[in-house]
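*Asks:* Before I ask anything, here is the structure I am working with.
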Amino acid sequence: MSTELKNYIKREAIKAAEGHHPCIKQSVFAMIEKDGKEIFGSNKMLNDEVTECPRELQGYVSGAGYHLCTEICKQESHAEVDAIKAAEAQGIDISGGKLTLVGHTYCCNNCEDAMASVGIEDIIIL
């Protein structure tokens, strides 16, 4: 995948985040494609006053301390689930769709389960 595609996904996911900021520690963006439609999500923070990652401040390693994302940053979901919620809000059937992820090296178990439950068939991690 090209840098141009990565930048496109980031740009569109930020627009879809309705003025909120992506995660300070690791901004992650997702795009679901199905039947020529594109739906975007990000791991946006709803608490725009956060200036440093609470997980880093408390010494958590990658994959741990996610409760702080919810409690302090007011993050409702990871990018994959955010994109799924956006599709549901728009009434778009994404069963059989493809999800492209930018900004992380893997999908957590919760996100994998969420994608499987809505029928995402292909996951590409850039």
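*Asks:* So for segment 48-65 (the condition being surrounded by fewer than 20 Cβ atoms within 10 Å (Cβ to Cβ) and under 14 Å from residue 120 (Cα atoms)), does at least one residue qualify?
*Replies:* No: zero hits.
*Asks:* Testing residue 90 on (1) open to solvent by 60 Å² or more (accessible area, probe 1.4 Å); (2) polar (S, T, N, Q); (3) free of Cβ contacts under 8 Å to residues at least 40 places away in the same chain, one condition comes back false. Which one is that?
*Replies:* Checking residue 90 against (1) open to solvent by 60 Å² or more (accessible area, probe 1.4 Å); (2) polar (S, T, N, Q); (3) free of Cβ contacts under 8 Å to residues at least 40 places away in the same chain, the one that fails is (3).
*Asks:* Right, something else. If you go through segment 74-87 one residue at a time, do you hit one that is surrounded by fewer than 16 Cβ atoms within 10 Å (Cβ to Cβ) and either of a type in the set (A, V, I, L, M) or farther than 30 Å from residue 4 by Cβ (or both)?
*Replies:* Yes, some residue in segment 74-87 is surrounded by fewer than 16 Cβ atoms within 10 Å (Cβ to Cβ) and either of a type in the set (A, V, I, L, M) or farther than 30 Å from residue 4 by Cβ (or both).
*Asks:* Follow-up question, since we're still on this one. When both residues are 6+ apart or on different chains and their Cβ atoms are under 6 Å apart, which pairs have a first residue that lies in segment 1-15 and is among the acidic types (Asp, Glu), and a second that is crowded, with 16+ Cβ neighbours inside 10 Å?
*Replies:* Filtered contacts from segment 1-15: 12/40.
*Asks:* Sticking with this one: Residue check: is residue 32 part of a strand (DSSP E or B), β-branched (Val, Ile, Thr) and within 29 Å of residue 121 (Cα to Cα)?
*Replies:* So residue 32 passes the test.
*Asks:* Moving to a separate point now. Return the residues of segment 18-29 that are part of a loop (DSSP other than H, G, I, E, B) and in contact (Cβ under 8 Å) with a residue 40 or more places away in the chain; say none if nothing qualifies.
*Replies:* Scanning segment 18-29 gives 23, 24, 26, 27, 28.
*Asks:* Failed condition for residue 5, given (1) part of a helix (DSSP H, G or I); (2) of a type in the set (A, V, I, L, M); (3) surrounded by 17 or more Cβ atoms within 10 Å (Cβ to Cβ), with all others met?
*Replies:* So the condition that residue 5 fails would be (3).
*Asks:* Consider segment 101-122. How many of its residues are outside any loop (DSSP other than H, G, I, E, B), modelled with pLDDT under 95 and β-branched (Val, Ile, Thr)?
*Replies:* Final tally of qualifying residues: 1.
The values are calculated or read from the model by the stated rules, or taken from the named source; none is laboratory data. Every value quoted in this text rests on a predicted model; they were computed, and no experiment measured them. Glycine also receives a Cβ, built like all others from the backbone with ideal geometry; neighbour counts cover every protein chain displayed. To get the accessible areas, we keep the full protein, side chains included, count just its heavy atoms, and leave off ligands, DNA and RNA. Shrake-Rupley method; radii C 1.70, N 1.55, O 1.52, S 1.80 Å.
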